[in-house]
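The values are calculated or read from the model by the stated rules, or taken from the named source; none is laboratory data. Only a predicted model underlies this, so the values are computations on that prediction, with no experimental measurement involved. For neighbour counting, all protein chains shown are included, and Cβ atoms are generated from backbone atoms with ideal geometry for every residue, glycine included.
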Amino acid sequence: MNFESPTKTNKSRLKDMIIRQVAKQGPSESQLVTTPTVLVIEDEPKVVQSVKQALTDEGYHVSTAMTGEDGFFLASTEAFDVVILDLMLPGRNGLDILEALRRTDEHTLVMILTARDTVEDRVLGLDTGADDYLVKPFAISELLARIRVLLRRGKPDQLFHLRFADLELDLVARETRRDGRMIELTGREFDLLAYLLRHQGRFVSREMIARDVWKETRATPLDNVIDVHFMRLRKKIAREACEKLIHTIRGVGFIMRRER
Amino acid sequence: MMKSEHLFRSIRNRITLWHLGVLILTLLVYGLLSQMFLWKQLADELEARLADDAELAEGFLKLGEGDSLVWGGHRDWQGPGRWIEIRAQNGLWIYRNYIGAPLFVSLPPASIIPHEKTYHSFSLADGRKLMILQETHQVGGKRVEILAARSMSRVFEEMRHLFLAQMLLFPLIVFLAWGGGVFIAGRVLAPLKKIIARMRIISADRLKERLAVDNPDDELGQLSITFNKLMAKLDHSFEQMKLFTADASHELRTPLAAIRSVGEVALRSPENDPCCREAIASMLEEVEKMTRLVNDLLALARSDSGIVRPALTTSDLGQVVEEEIALLRVLAEEKEQRILVETEQSCPVRLDRRIFRQAFSNILHNAIVYTPPNGDIRVLTGKDGDTVFVEISDSGPGISPEHQTRIFDRFYRVDKVRSRKTGGTGLGLAIAKWAVEIHGGRIELVSEPGHGSSFRILLPTAPETPGLPPRHDEEDYS
């Protein structure tokens, strides 16, 4: 099920303008912008716990609610940058909360986190006013990546060069250099490497790669294809006496980081 | 569409033909009866006249010399077309109103009982038909045989008139009745046709809608009510199924999400000891497999319930196939296999690309997995009459006949150890089969152990007129 996040809306543009204006006003408000607040409305305690920990580790300020009523109460009384919302909640349905929230609040970014994966459900969620939609079971890394994308939305991403350790990518000429020496990569390998570099130091899951690099839904054959490309990419960028940069974390995905 | 139109017309025709059949039978019976009646009447009339003739003739007889009876009337009594003969007991002629040899010698003798009338029909040498009355009278103590005859030409003429009138009138009546029958049948069937058109829309797209019931007591009303009840049931079970898959999604995925997020968060912090990390990683891998399995199972559950409606667009089969091969080619390269592609130009087909590619990629992936290193995989697309096909032939171990029939079954694995290693769920071919069948196509398998397998996906060709693509579900009505 190939699904792309909605393009930049007026709503998010407005929000960015507001954030920028607020940021100009003084250091106290800019502090608020640099540590975004996230509300997690979710009834599965283990999911709440781990999401909270992962978000806290990333530097977000996290609040949680385990029921629909609590969630709506928090969301409508406090200001959050992002609300992560489960749809099947005890007490109050997630879509009801979203609908009620959108009546008074257009700016809070809402990401739906649900087990429902049909196109109809996604369309319904986004039409009700969600900014993103993530299907369970999700990868923590993907959740984090998507929150970053949501918060970055509308800001220009005018990068011409990507750099990590001694690896250098020219996005315009589509050239790759390691330690100053040119490496020949295929188009797909280049995209893959660029994607890893954009997420350097962070985990990327196979779902993320399938969707963002291949623009496909994840499936068994595609997983194998991704693995083959990773293997080839690794071989190509490996240089003698150079440190290993691409790491596979079993069960999680891949990460570009320096060896510890 | 054409077929149901035709069916409709034939119902109309059948009603009209039954109509006409009954009418024609009625007309035939009526015609026959009226002719019989007329015949009887005219015959009775003629008989009465002949009796009169005989009575009158008797009145002209008188006693002559020698105590014999003689004719006392005019010699040419009665006119043309009438014949009178009177014979004495001894067989001698007393009177004949015509000249020449006696005409009626062939008749049997009359009954000797007085006034007992015997009628005969008689043909003259020139073909004229006559009716003859033979009767014995007692005149002056003597018995005489009187024979009176009249031509039947008037009777026949009247009969012919009636027949002609009927021959002219009956076809006219039949023709009018036919026209009327067609009209009435059309009128009667028109609301039915409307109902069918609505039914088609409802069953195809809008399960929530119902037929309007104009008159709940007539047959059409009953039909609508029955259909509505049926649709309500169907709608209900659709809803149930949707609800079930939604609930199952939630119930199965939520714990998976919990395991996964807990495990991933644990792996993110580097301070955990390697042994523990290893265990978590291996559990996360199993979670991935479970997730895949749940996704595949839910996809099949949805497909079983018929909730899934393909979004069809006209595509070229060869192009779709080549895109997918381009995606998976690296897997073959890794095993140093060659994928040989032969695509015939222009195989237009109506596809939901996403669903169809699942089928093709699952089969091609299998081919790559089961073909040994350095082997060849052939992909061939082409057109065969009304169908387009894509054939994927591997040079793998082949599938023995006892497995061939079951290979598309869910969770059926030919080689249990091997297929687990490839990471499949055991549902790949079941999903492929469904994905092809939802397009109105089918998958054929030709395989011989030791000689590789050949999967052939057959799909109906897209119609020539791209402006009017047929709906996928059209065949349900034919």
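The C-beta contact set for the stretch A:246-259 (first residue at negative phi and free of Cβ contacts under 8 Å to residues at least 12 places away in the same chain, second residue hydroxyl-bearing (Ser, Thr, Tyr) and surrounded by fewer than 17 Cβ atoms within 10 Å (Cβ to Cβ), distance under 8 angstrom, 6+ apart or interchain) comprises A:250/B:282. Look through the stretch A:36-48, keep the residues that are part of a helix (DSSP H, G or I) and at the interface with chain B (Cβ under 7 Å from one of its Cβ atoms), and return whichever of them is farthest from residue A:202 (Cα to Cα). Here the residue is A:46.
Taking (1) closer than 26 Å to residue B:43 by Cβ; (2) out of contact with any helix residue (DSSP H, G or I) (no Cβ under 6 Å at 6 or more places or on another chain) in turn, residue B:133 satisfies each apart from (2). So which of B:414, B:341 ends up being in contact with a strand residue (DSSP E or B) (Cβ under 8 Å, 6 or more places away or on another chain), away from every other protein chain (no Cβ under 14 Å) and at negative phi? Criteria check complete, one pass: B:341.
Look through the stretch A:97-119, keep the residues that are of a type in the set (A, V, I, L, M, F, W, C) and either at the interface with chain B (Cβ under 9 Å from one of its Cβ atoms) or surrounded by fewer than 14 Cβ atoms within 10 Å (Cβ to Cβ) (or both), and return whichever of them is farthest from the chain's Cα centre (by Cα). Don't jump to the end; show me each part of the working.
Going residue by residue through the stretch A:97-119, those that are of a type in the set (A, V, I, L, M, F, W, C) are A:97-98, A:100-101, A:109-113, A:115, A:119.
From what's left, either at the interface with chain B (Cβ under 9 Å from one of its Cβ atoms) or surrounded by fewer than 14 Cβ atoms within 10 Å (Cβ to Cβ) (or both): A:113, A:115, A:119.
Details: A:113: 13, A:115: 18, A:119: 20 Å.
For the stretch A:97-119, the residue satisfying everything is A:119.
One residue alone among A:234, A:163 is surrounded by fewer than 19 Cβ atoms within 10 Å (Cβ to Cβ), modelled with pLDDT of 85 or more and within 14 Å of another protein chain (Cβ to nearest Cβ), and that residue is A:234. Scanning the stretch B:276-305 for residues that are more than 8 Å from chain A (Cβ to nearest Cβ), under 18 Å from residue B:359 (Cα atoms) and not aliphatic (A, V, I, L, M) yields B:296, B:303, B:304.
Considering the conditions (1) polar (S, T, N, Q); (2) in a helix (DSSP H, G or I); (3) exposed (fewer than 12 other Cβ atoms within 10 Å of the Cβ), residue B:215 is excluded by exactly one of them, (2).
Screening residue A:213 on (1) buried (at least 18 other Cβ atoms within 10 Å of the Cβ); (2) within 14 Å of another protein chain (Cβ to nearest Cβ); (3) without any contact (Cβ under 8 Å) to a residue 24 or more places away in the chain shows it passes everything except condition (3). Screening the stretch B:306-321 for residues that are surrounded by fewer than 16 Cβ atoms within 10 Å (Cβ to Cβ) and away from chain A (no Cβ under 12 Å) and picking the one that is modelled with the lowest pLDDT gives B:306.
Results for (1) among the aliphatic types (A, V, I, L, M); (2) within 15 Å of residue B:328 (Cβ to Cβ), shown as yes or no for each residue.
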position: B:348; (1), (2): no, no
position: B:353; (1), (2): no, no
position: B:362; (1), (2): no, yes
position: B:396; (1), (2): no, no
position: B:399; (1), (2): yes, no
position: B:413; (1), (2): no, no
position: B:442; (1), (2): no, no
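Screening residue B:257 with (1) in a helix (DSSP H, G or I); (2) of a type outside the set (Phe, Trp, Tyr); (3) more than 9 Å from chain A (Cβ to nearest Cβ); (4) surrounded by 12 or more Cβ atoms within 10 Å (Cβ to Cβ) gives one miss only, at (3). Of the listed requirements (1) of a type in the set (A, V, I, L, M, F, W, C); (2) closer than 30 Å to residue A:256 by Cα; (3) more than 9 Å from chain A (Cβ to nearest Cβ), residue B:243 misses just one: (2). Kindly check whether there is at least one residue in the stretch A:189-202 that is buried (at least 18 other Cβ atoms within 10 Å of the Cβ), over 29 Å from residue B:265 (Cβ atoms), touching a residue at least 40 places away in the same chain (Cβ under 8 Å) and of a type in the set (Asp, Glu). Yes - at least one qualifying residue is present in the stretch A:189-202. So for the stretch B:266-274 (the condition being farther than 16 Å from residue A:50 by Cβ, more than 7 Å from every other protein chain (Cβ to nearest Cβ) and touching a helix residue (DSSP H, G or I) at 6+ places or on another chain (Cβ under 7 Å)), does at least one residue qualify? Looking through the stretch B:266-274, none of the residues is farther than 16 Å from residue A:50 by Cβ, more than 7 Å from every other protein chain (Cβ to nearest Cβ) and touching a helix residue (DSSP H, G or I) at 6+ places or on another chain (Cβ under 7 Å). Of all residues in the stretch B:336-349, those that are without any contact (Cβ under 8 Å) to a residue 40 or more places away in the chain have Cβ atoms under 6 Å from Cβ atoms of residues that are polar (S, T, N, Q), 6 or more apart or on another chain, in B:336/B:374; B:343/B:381; B:344/B:381.
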